[in-house]
Amino acid sequence: MATEGPRPGFLGNLNDEQEAKLQKLWAILLRAAELPSDEDSSECVEEHPASPTPSAPPRRMSLLSRTSTVQSTTSDKTAPTLTRPYQQKFMAFLREYGIGPNETKMVQKALSEISPAELRQGVLDILKHDHPDAMMLRFLRARKWDVCKAFAMMMEAIVWRVKEMHVDDDVMAKGELYALQQEKGSDARKKKEGKDFLDQMRMGKSYVHGIDKLGRPIVVIQVRLHKPGAQSEETLERYIVHVIESVRLTMSGSVENACVLFDMTGFGLSNMEYPPVKFILKCFEANYPESLGIMLIHNAPWIFSGIWKLIRGWMDPDIAAKVQFTNSADDLTKFIDRSKLSKGVGGGEDWEYKYIEPKEGENARMEDTTTRDALLRERREIGEEFLAATAEWIDAAKAKDKSRIQSAASQRTFLAERLRVNHWKVDPYVRARFGLDRLGVIQEGGKVDFYPKETSNGTSKASAVEHLEKVNGNGVPTTVSA
């Protein structure tokens, strides 16, 4: 397998101009996420007057500093909102970087919807196990290295994640077991929501399996299985985000994006529904920038040509440039090894999608709030150290002190790795388990194995994990050596 090395503009391969823009983006984000200093405290008001008044004026806080954990952060009802004068100061700061009128409106709108504390939390949420710089570079590349446009895009993505979609505190925190519990409940509306959510997984409408020639995880979407109107728009969007977040957890290191294969075999007009297509495109273009490596549209019938012209017009040019049409297994082997292509699309891998139902108790660690909070405090502390090193890195660059730059850069690399390790420690306490966990693809500590080796008794490692979890029934994943 030829993994994708650091390309120009990616982490580990930045020129001087790109690194300078990365530092500028960090400087803006650090400024945006500060709470007002003592002299500005009179400009910080509570969104809801009935909320308790702090006993002391808020002090200036850095990006990840907060007084509570991820699971118990300041709620919408108590989150302080900044008055117009303070926002005007920040916008004046942005004008020094040449922000345009469109981006000004985007940032002002975002600042009116999210507090600095929520912004800090949103950065942690969107980061996951990525290197912090890799996350920032996604937005810079997506906006052609325009720092202000990248910041505006990032603000919108975080507001969408925290305020609109509630990705981390709802979609991924509740997950598949919650949907199963809904399905088994007595409330008719919730029962349908849970069943509709899970049915898409049970039928294999989309699934994550294997890697392409560049080591990117493959997301297969079997379009013929989609039935418009079979589920609500909200349930469908929840399902789409769940899949995107799932595949994100399988990407690490130099692999920063995915291979998406739309299998159009058996597609008919009765399968076509435009709103979810628009939602997927919005996710790729704005909410998860630079997460799409290539999009393969496979075995599309002639009736799709007219539909494609319409969809093509909605696409960002950069997304459209990543689309490739394939008509045979031979075409697909240009991008995916034949041995890693399932027989369903003419490949040589004897593999079929099978959904493993959620089990009661599999999220037991989420109930251990003591361990969760301790790990989240550790994450906050590491984050503070990373930001201190980032500030030093920026200051050293301004001073052109090569020794300080090197020292700060080394410290940032060390702390970024600590953040990655910490993410996988925290993960079982804040995220509900999903299919890839139960299959043994995503393992303890973040190890990913799409092709588990056989154990001595001939069963796959994934099957062994499934068996032992059934036997133990304690909700704690069991590690099985190959």
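Considering the Cα trace of region 320-449, what is its radius of gyration and what is Dmax, both in angstroms?
22.2, 59
Between the alpha-carbon centers of region 156-207 and region 324-347, tell me the distance in whole angstrom.
Here the two parts' Cα centres lie 31 Å apart.
May I ask you to work out the translational diffusion coefficient for region 183-326 at 25 °C, viscosity 0.890 mPa s, via Stokes-Einstein with Rh from the Kirkwood sum over Cα pairs, reported in whole µm²/s?
This corresponds to a translational diffusion coefficient of 153 µm²/s.
With all protein chains present, how much of the accessible area of region 296-353 (probe radius 1.4 Å) comes from carbon and sulfur, to the nearest whole percent?
Summing carbon and sulfur atoms, their accessible area is 49 percent of the total for region 296-353.
Determine the order of TRP145, TRP424, TRP302 by accessible area, beginning with the largest, at a probe radius of 1.4 Å.
Greatest to least solvent exposure: TRP302, TRP145, TRP424.
On full extension of the chain, what length is gained from GLU96 through ASN271, given 0.36 nm per residue of separation minus the C-alpha to C-alpha distance?
Extra length available between GLU96 and ASN271 comes to 58.0 nm.
Let me know the charge dipole size of region 77-175 about its Cα centre in debye, to the nearest 20, where only the beta-carbon of Lys, Arg (+1) and Asp, Glu (-1) is charged.
The calculated dipole for region 77-175 is roughly 300 debye.
Divide, for region 160-239, the radius of gyration over alpha carbons by 2.2 N^0.38 Å, where N is the residue count.
1.23
Output the peptides 265-276, 284-295, 441-452 sorted from most to least packed, where packing is the average of other Cβ atoms within 10 Å over each peptide's residues.
284-295, 441-452, 265-276
Give me the orientation-averaged projected area of the Cα convex hull of region 133-194, in nm², one decimal.
Its Cα hull, projected and averaged over all orientations, spans 5.5 nm².
Using a probe radius of 1.4 Å on heavy atoms only, what accessible surface per residue do you get for region 88-211? Whole Å² is fine.
Solvent-accessible surface per residue comes out at 38 Å².
Quick one: give the max-minus-min coordinate of the C-alpha atoms of region 122-259 along each principal axis, largest first, in Å.
Its Cα atoms span 50, 36, 25 Å along the three principal axes.
Calculate, in nm to one decimal, what ASP350 and GLU444 gain on full extension: separation in residues at 0.36 nm each, minus their alpha carbon distance.
Gain on extension, ASP350 to GLU444, equals 31.2 nm.
Pop the C-beta distance of ARG7 and ARG31 into the FRET formula with R0 = 30 Å and round what comes out to the nearest 0.05.
The computed FRET efficiency comes out at 0.50.
Determine the gain in length on full extension of the stretch LYS398-LYS334; use 0.36 nm per residue of separation and subtract their C-alpha separation, reporting nm with one decimal.
This chain segment gains 18.4 nm when fully extended.
Give the cross-link partners of LYS402 among the lysines, using a straight C-alpha distance below 23 Å as the criterion and excluding same-chain residues fewer than 8 apart.
LYS21, LYS24
Please list the non-local residues whose amide H lies under 5 Å from the amide H of GLY210, H modeled 1.01 Å from N, same-chain partners needing a gap of 5 or more.
ILE218
In Å², what does the accessible area per residue of region 255-322 work out to with a 1.4 Å probe?
40
Go through 236-242, 182-188 and give me the packing order, highest mean Cβ count within 10 Å leading.
Ranking the peptides 236-242, 182-188 by packing returns 236-242, 182-188.
Under a crude label model (7 Å from the Cα following the beta-carbon direction), how far is MET315 from LYS192 in nanometres?
3.5
Leaving ligands, DNA and RNA out of it, work out the accessible area of SER252 with a 1.4 Å probe and give it in Å² to the nearest 10.
Here the accessible area works out near 70 Å².
The values are calculated or read from the model by the stated rules, or taken from the named source; none is laboratory data. Since the model is a prediction, treat every value here as computed from it, not as a measurement. Neighbour counts run over all protein chains shown; Cβ positions are idealised from the backbone, glycine included. Quick note on the areas: whole protein, heavy atoms, side chains included, nothing else; ligands and nucleic acids left out. Shrake-Rupley method; radii C 1.70, N 1.55, O 1.52, S 1.80 Å.
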